[in-house]
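K.L.:
Below are the structure tokens for one structure; questions will follow.
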Amino acid sequence: MEYNFKEIESNWQQFWKDHKTFAAKDGGDKPKYYVLDMFPYPSGAGLHVGHPLGYIASDIVTRYKRHKGFNVLHPMGYDSFGLPAEQYAIQTGQHPKITTENNIAVYRRQLDKIGFSFDWDREVRTSNPEYYKWTQWIFIQIFNSWYNPRTNKAENIKSLIAILETEGCKGIDHDILTGDIEKEVPAFTGEEWKAFDEKKQSDILMNFRLAYLGESFVNWCPALGTVLANDEIKDGVSERGGYPVERKMMKQWSMRITKYAQRLLEGLDTLDWTESLKEAQRNWIGRSEGSSLRFKTSIQSRSNSLSNKSVQEITTEFSDVYIEVFTTRPDTVFGVSFVTLAPEHELVASLTTPEQKAAVEAYIIQTKNRSERERQAEIAKITGVFTGSYVEHPFTGKQVPIWIGDYVLVGYGTGAVMAVPAHDSRDYAFAKHFDLPILEVISGGDLSKEAYDAKEGKLINSDFLNGLDVKEAVKKAIAEIEAKGLGKGKVNFRLRDAVFGRQRYWGEPIPVYYKNDIPYVLEESELPLILPEVDKYLPTEDGEPPLARASSSWKKDGKYEYEYSTMPGWAGSSWYFLRYMDPHNGSEFASKKLTDYWKQVDLYIGGSEHATGHLLYVRFWTKFLKDLGYIAIDEPAKKLINQGMIGGTSELMKEVRINREEIEEYNSVSKEIVIKKDGREIKRLDIGNGSDHCHVYLSYDSNLGVEYFDKENKTSINTELFQENRANVKYVMNSVLNIDKWIADQNYYRGSILISDEGYWNNDVYYDFEGNKIQSISFKTKPVVEKMSKRWNNVVNPDDICETFGADTLRLYEMFLGPLEQSKPWNTNGITGVHGFLKKLWRLFFSPSGGGQGEVVFAISPDEPTKAELKTLHKTIKKITEDIERFSFNTSISNFMICVNELTEVKCNKRAVLEPLLICLSPYAPHITEELWKQLGHTESITLAPFPDFNEAYLVDDNVNYPVSFNGKVKFTLELPATLTAPEVEAIVRQNENTVKFLDGKEPKKVIVVHKKIVNMVV
RNA sequence: GCCCGGAUGGUGGAAUUGGUAUACACGUACGUCUCAGAAGCGUAUGCCUUACAGCUUGCGAGUUCGAGUCUCGCUUCGGGCACCA
């Protein structure tokens, strides 16, 4: 009987489906284990080749844990709201719901083919009303909450109202009322609060709500017609689509994630995540310690610049106007030679003198027109303008000029900095450019060339700080600032509040309506607020989001307008791991009983691209739900693994690095390039032996064009340029025969030369124009599978592999490629190796029938295994267990191969050996093992079989093979009984004829014997 | 610029606590089976050598009886953050 993987795999996939083999039970005696994959966005392109990598790994762990007696929850679902479906809808008019459903069907078919053991009864889709009902419900809870600094957790807004009613706003730290920026806060008493009308109360509460409607600078993407969060932007353009993004002041919904900054940071220490991922989150949160400091300006104002207008109105007295800055270097305060404001800073207008008005206004217009991308690209370009006004230095009393510069960001700190050009390179560049004074206050640097940024040295020219080192000076400066009431020691975070509204159609409606200009959230009984139908998926003519198109019929109680923006992509994914625990609950997002049972995700697998997006938001919502007592856990996932990215076949593989000097010659007769390293020829590139054409990449700058050459005529066939700007062209190759020329001319070149049917050399030369850089060369072999069929070129679809080799081969192959966390190019080299392994395993169970040629029958022996067979088996059990516990799947497959090779060698077909082996292998290759398990006479799925125990006794060797080394170099080995003690081993080794030979009559200075390991003689 | 993580044969990679570097697989070569192909099976394969010998984990030092593994310096690739005060 042949190994007919197609039949076997479809049969077992059907069996599992029919028997609900992988359904997780909510409770029971078994310990629980929760394995979660990041659910996919069902794109039209189908399952991406990178997806199965993580899914296979998690499925192996899942199946292994089941064998080990755990009750495993392993669900799957779809993150089915999102931009691509909507963009497609805009183009085609097709409802995103339809395309999404079609895509999901494709995904499901693809997933099923690979034999995953998901509990599909728990499937969730974020775009289903039964699901987003609870996303909306959570939003309402967040809206109805504030962050109480006294208890350091989120609480219902009622507890804040209680405080305001009794204590007034004096009962609240200033920080809470005004956000992170410390300002004069107008006081109101509890009685006054009660007297405020509903609108005023609502406005004040909006400053506290964890989901709030507020005016702030946002990243506006005109092409997508929506605002974006910081993590949705890469290098100044939108992550999806790569459209430009600009800064814009807008009123929209946000989440006050900043209140959780400290806890999100501290929580990382409790997590078993990779250091690099935790580091990425730490960078993103960006905690920095320093001090606030106020500088008195020369103007006075009756308005005191509170962002909350209703509070503002109650203040009528005149007061001094201060510029507040945040600094991490309060020690350098005596080095302040100017103060810089962000162009958007609220005091800019009032501080500008009439003489400077025109210049300042021009500058502000200039910076406004500059896109975020331009600003980032032109970081070296220093721009700024003087306001004409001055502040008073708080310690020296000197007049310090106030400048405006776009290197100061309105979104961070206070949008104003105290500039210390001597000890901050950005301030230094600004000061040099505008010829402002540079005051040295820390010794140790040379200020004629650059700023001295290091936090080392002694303070000078700094009054009471003189003579201190930086650390002491920071402390003393803060103490002095606080004593004088000029500011206080403070922690600042880079993390921004998360923009929550999206001016798009395909997302969860925000469950809010407006009555008398006051936003109200819906009652739970009114959920879900169903996404309305619209005639077009575009904004209205008035620029309102697409949902406004439904406004004529879509009204709360037929009267009040709903919020027209929808939730961002991350809303639904911020709590889906909880819904899997109780997916059909109609009265709660998940019952407390079940969330208490399943608790945390034990293993979470997904891509590292979610490091600063999803993985931060899901932690935020988890902490929030814990604060309100809905769940018992503080972090969503204890252990997280990022599977590596999978690149395309055309990506570079391994490189050989060679200095240009080492390219010795190009022989234009034999058409060979000879590369030498350390005087040795290491590679000979034969370009004369190629196929029908050569193509050569020509480099103009850092990027390239490609030129194709006809091999026979040596003429250029076609040229494609990837870079428009040809100003940097230093050299253009006219024909392939010029290879000798570009070597001689030391030009910057990059090329790829097809040399044979087996593969080609990708030849990357990184010479700079000085000719002293290096070249890297790599050899690429064509995918083996390409030999069988042309369509295997550039395989990206897992279905095709399942079709040709089977799902078990695909699973093993993806794991065998290398460590899970490592990024690797996708290529199908070597897939025959793992496929051959499965066939070899299959053959262990079959013997020639004696009938027709090649006929085999299932034949298994009941005999007792030999000692060697038991050793092979138990060695494998031990290694596989260890490998799987540390997620080293590639090595476990090697170990299976070794095991099967050894068993094949001794023609072992004994039940007592093969049965346990099948169980070990079944997490990796579930179909073939189920089939053989059934052939062995079992009627139940192998899934339920307990994992075999490993017995140390079988691994004990009678003999030890001692390597004998001299000065650390192994010369020969000696097999000795394991019972010998170290001195006995030494005595035997000394007498050994080989030892005598290598010692050559000399007495070893020292002999080291490591018992059961090695012998080393020092001579 | 700052912060993480890498670099091992022709290729993907192994080496778990400092103890025989290159397991396992691919590729390649030769052989075998076959009318033939596919698929098997067998042998060889780090480099340099006819062979002995010698050399080898990006480069250079150091610690150690012994270093791919530990320490320091450098090169380079990948990732994250980035006028964040």
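The values are calculated or read from the model by the stated rules, or taken from the named source; none is laboratory data. Bear in mind that the values here come from a model prediction, so they are computed numbers and not experimental data. We place every Cβ from the backbone using ideal geometry, glycine too, and count neighbours over all the protein chains shown.
K.L.:
Tell me, which residue of the range A:89-110 that is of a type outside the set (D, E, K, R) and under 23 Å from A:T135 (Cα atoms) is surrounded by the most Cβ atoms within 10 Å (Cβ to Cβ)?
P.N.:
Top of the filtered list is A:T100.
K.L.:
When you check A:G190 against the structure, is it modelled with pLDDT under 85 and over 37 Å from the mean Cα position of the chain (by Cα), yes or no? Let's see the steps before the verdict.
P.N.:
Numbers: modelled with pLDDT under 85: no; over 37 Å from the mean Cα position of the chain (by Cα): yes.
It is false that A:G190 is modelled with pLDDT under 85 and over 37 Å from the mean Cα position of the chain (by Cα).
K.L.:
Right, something else. Please tell me if A:F22 is out of contact with any Pro (no Cβ under 7 Å at 6 or more places or on another chain) and modelled with pLDDT of 95 or more. Can you show your working first?
P.N.:
Numbers: out of contact with any Pro (no Cβ under 7 Å at 6 or more places or on another chain): yes; modelled with pLDDT of 95 or more: yes.
So A:F22 fits the description; yes.
K.L.:
Further question on the same structure: For the range A:122-151, enumerate the residues that are at pLDDT below 95 and in a loop (DSSP other than H, G, I, E, B).
P.N.:
Passing the criteria: A:P149, A:R150, A:T151.
K.L.:
Now for a separate question. Give me the pairs: first residue in the range A:122-143 and without any contact (Cβ under 8 Å) to a residue 60 or more places away in the chain and surrounded by 21 or more Cβ atoms within 10 Å (Cβ to Cβ), second residue aromatic (F, W, Y) and in a loop (DSSP other than H, G, I, E, B), beta-carbon distance under 6 Å, and six or more apart or on different chains, which are they?
P.N.:
Nothing qualifies.
K.L.:
Does A:A590 satisfy the condition of being touching a Leu at 6+ places or on another chain (Cβ under 6 Å), within 16 Å of RNA strand B (Cβ to nearest atom) and not acidic (D, E)?
P.N.:
Values: touching a Leu at 6+ places or on another chain (Cβ under 6 Å): yes; within 16 Å of RNA strand B (Cβ to nearest atom): no; not acidic (D, E): yes.
When the stated conditions are applied, A:A590 does not pass them.
K.L.:
Something else: Given the condition small (G, A, S), more than 8 Å from RNA strand B (Cβ to nearest atom) and surrounded by fewer than 22 Cβ atoms within 10 Å (Cβ to Cβ), answer yes or no: does some residue in the range A:863-884 qualify? It would help to see each step written out before you state the result.
P.N.:
Narrowing the range A:863-884 to residues small (G, A, S): A:868.
Remaining after also requiring more than 8 Å from RNA strand B (Cβ to nearest atom): A:868.
Next, from what is left, pick out any that are surrounded by fewer than 22 Cβ atoms within 10 Å (Cβ to Cβ): A:868.
Yes, the range A:863-884 contains a residue that is small (G, A, S), more than 8 Å from RNA strand B (Cβ to nearest atom) and surrounded by fewer than 22 Cβ atoms within 10 Å (Cβ to Cβ).
K.L.:
What is the number of the single condition among (1) more than 15 Å from RNA strand B (Cβ to nearest atom); (2) at pLDDT below 90; (3) over 22 Å from the mean Cα position of the chain (by Cα) that A:E246 does not meet?
P.N.:
Here A:E246 clears every test but (1).
Condition check ((1) part of a strand (DSSP E or B); (2) of a type in the set (D, E); (3) modelled with pLDDT under 90) across all residues:
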site: A:V474; (1), (2), (3): no, no, no
site: A:A477; (1), (2), (3): no, no, no
site: A:E482; (1), (2), (3): no, yes, no
site: A:G487; (1), (2), (3): no, no, yes
site: A:K490; (1), (2), (3): yes, no, yes
site: A:L495; (1), (2), (3): no, no, no
site: A:R504; (1), (2), (3): no, no, no
site: A:G507; (1), (2), (3): no, no, no
site: A:Y514; (1), (2), (3): yes, no, no
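K.L.:
I'm trying to understand the selection: among the residues of the range A:805-839, which are aromatic (F, W, Y) and touching a residue at least 40 places away in the same chain (Cβ under 8 Å)?
P.N.:
Applying the first criterion (aromatic (F, W, Y)) to the range A:805-839 yields A:805, A:813, A:816, A:826, A:837.
Hits for the range A:805-839 are A:F805, A:F816, A:W826, A:F837.
K.L.:
Please give the number of the condition A:V856 fails out of (1) at pLDDT 85 or above; (2) surrounded by 15 or more Cβ atoms within 10 Å (Cβ to Cβ).
P.N.:
Only one criterion is unmet by A:V856, namely (1).
K.L.:
While we're here: Regarding A:Y64, is this residue outside any loop (DSSP other than H, G, I, E, B), under 22 Å from A:F577 (Cα atoms) and modelled with pLDDT of 95 or more? Walk me through it before giving the result.
P.N.:
Values: outside any loop (DSSP other than H, G, I, E, B): yes; under 22 Å from A:F577 (Cα atoms): yes; modelled with pLDDT of 95 or more: yes.
For A:Y64, the condition - outside any loop (DSSP other than H, G, I, E, B), under 22 Å from A:F577 (Cα atoms) and modelled with pLDDT of 95 or more - is met.
K.L.:
Residues in the range A:374-397 that are surrounded by 13 or more Cβ atoms within 10 Å (Cβ to Cβ) and under 17 Å from A:T340 (Cβ atoms): how many?
P.N.:
Residues flagged as surrounded by 13 or more Cβ atoms within 10 Å (Cβ to Cβ) and under 17 Å from A:T340 (Cβ atoms) within the range A:374-397 amount to 14.
K.L.:
A:R263 - would you say it is farther than 25 Å from A:I365 by Cβ and of a type in the set (D, E, K, R)?
P.N.:
Working: farther than 25 Å from A:I365 by Cβ: yes; of a type in the set (D, E, K, R): yes.
Judged against the criteria, A:R263 is a match.
K.L.:
Given (1) assigned to a strand (DSSP E or B); (2) crowded, with 17+ Cβ neighbours inside 10 Å; (3) in contact (Cβ under 8 Å) with a residue 60 or more places away in the chain, identify the lone condition not met by A:E215.
P.N.:
Status for A:E215: all satisfied but (2).
K.L.:
Moving on. State all residues of the range A:413-435 that are surrounded by fewer than 21 Cβ atoms within 10 Å (Cβ to Cβ), of a type outside the set (D, E, K, R) and either away from RNA strand B (no atom under 11 Å from the Cβ) or free of Cβ contacts under 8 Å to residues at least 40 places away in the same chain (or both); if no residue qualifies, say none.
P.N.:
A:S425, A:F434
K.L.:
Additional query: Taking interchain pairs and intrachain pairs at least six residues apart, which have beta carbon atoms under 7 angstrom, with the first residue in the range A:516-531 and farther than 22 Å from A:Q503 by Cα and the second modelled with pLDDT of 95 or more?
P.N.:
These pairs meet every condition: A:E524/A:W137.
K.L.:
Something else now. Considering each of A:T612, A:T566, A:T595 in turn, give the residue that is touching a helix residue (DSSP H, G or I) at 6+ places or on another chain (Cβ under 9 Å), touching a residue at least 12 places away in the same chain (Cβ under 8 Å) and within 16 Å of RNA strand B (Cβ to nearest atom).
P.N.:
Values: A:T566 fails: within 16 Å of RNA strand B (Cβ to nearest atom); A:T595 fails: within 16 Å of RNA strand B (Cβ to nearest atom).
So the residue among A:T612, A:T566, A:T595 that is touching a helix residue (DSSP H, G or I) at 6+ places or on another chain (Cβ under 9 Å), touching a residue at least 12 places away in the same chain (Cβ under 8 Å) and within 16 Å of RNA strand B (Cβ to nearest atom) is A:T612.
K.L.:
Filter the range A:390-411 down to residues that are in contact (Cβ under 8 Å) with a residue 24 or more places away in the chain and under 23 Å from A:G485 (Cα atoms), then give me how many there are. Show your work before the answer.
P.N.:
Keep residues of the range A:390-411 that are in contact (Cβ under 8 Å) with a residue 24 or more places away in the chain, which gives A:390-396, A:400-411.
In the following step, the residues that additionally are under 23 Å from A:G485 (Cα atoms) were identified as A:390-396, A:400-402.
Residues in the range A:390-411 being in contact (Cβ under 8 Å) with a residue 24 or more places away in the chain and under 23 Å from A:G485 (Cα atoms): 10 in total.
K.L.:
Keeping to the range A:441-457, report how many residues are surrounded by fewer than 12 Cβ atoms within 10 Å (Cβ to Cβ) and among the small types (G, A, S). Spell out how you get there, then give the answer.
P.N.:
Step one: list which residues in the range A:441-457 are surrounded by fewer than 12 Cβ atoms within 10 Å (Cβ to Cβ), which gives A:446, A:448-449, A:454.
Going one step further and asking which of them are among the small types (G, A, S), we end up with A:448, A:454.
Of the residues in the range A:441-457, 2 are surrounded by fewer than 12 Cβ atoms within 10 Å (Cβ to Cβ) and among the small types (G, A, S).
K.L.:
Right, something else. For the range A:69-88, state whether one or more residues are in a loop (DSSP other than H, G, I, E, B), in contact with a strand residue (DSSP E or B) (Cβ under 6 Å, 6 or more places away or on another chain) and surrounded by fewer than 24 Cβ atoms within 10 Å (Cβ to Cβ).
P.N.:
Yes: one or more hits.
K.L.:
Anything in the range A:226-257 that is among the small types (G, A, S) and buried (at least 18 other Cβ atoms within 10 Å of the Cβ)? List them, or say none. If you could, list the steps in order and put the result at the bottom.
P.N.:
Here is the first cut: in the range A:226-257, the residues among the small types (G, A, S) are A:229, A:236, A:238, A:241-242, A:254.
Answer for the range A:226-257, where residues must be among the small types (G, A, S) and buried (at least 18 other Cβ atoms within 10 Å of the Cβ): A:A229, A:S238, A:S254.
K.L.:
Another one. Does A:E155 count as assigned to a strand (DSSP E or B) and at pLDDT 85 or above? Spell out how you get there, then give the answer.
P.N.:
Numbers: assigned to a strand (DSSP E or B): yes; at pLDDT 85 or above: yes.
The answer is yes for A:E155.
Each row is one residue, and each column tells you yes or no for (1) crowded, with 19+ Cβ neighbours inside 10 Å; (2) hydroxyl-bearing (S, T, Y).
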site: A:P539; (1), (2): yes, no
site: A:G543; (1), (2): no, no
site: A:A550; (1), (2): no, no
site: A:S553; (1), (2): no, yes
site: A:K559; (1), (2): no, no
site: A:Y564; (1), (2): yes, yes
site: A:P568; (1), (2): yes, no
site: A:A571; (1), (2): yes, no
